[in-house]
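This report refers to the structure that appears directly beneath it.
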């Protein structure tokens with residue numbers, strides 16, 4: 001089973017983005033929250049990941065990726081037993 005990566009840093013944090021790129025695997029999923037929602041507006045940054053990953057938003061993203069409601073967030077959290085949090 002993969003890892004759920006909670007991405008809460010803005011696109012300007014290239015240092016964290018590089019660490020995220022090095023940490024993801026093919027069974028992982030991204031969850032954009034807080035300042036991490038800005039990545040939904042700049043998909044080219046996420047396109048640089050070594051493998052395409054499912055990406056979800058929790059909060060108003062104003063992008064093509066729909067935002068999860070609380071029930072969907074809970075379901076996603078249960079589906080992934082391992083979580084990594086990425087905040088500045």
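General observations
- Taking the fewest neighbouring Cβ atoms within 10 Å as the starting point, the ordered list for 7, 33 is 33, 7.
- Ordered by the number of other Cβ atoms lying within 10 Å of each residue's own Cβ, fewest first, 82, 13, 41 fall into the sequence 82, 41, 13.
- Helix-only CD estimate at 222 nm, as mean residue ellipticity for the chain, using -39500 (n - 2.57) per DSSP H run (n ≥ 4): -8500 deg cm²/dmol
The numbers here are math on the coordinates, done by the rules we state, and not lab data. All figures in this text were calculated on a predicted structure; none of them were measured in a lab. Glycine gets a Cβ as well: all are built from the backbone with ideal geometry, and neighbour counts include every protein chain shown.
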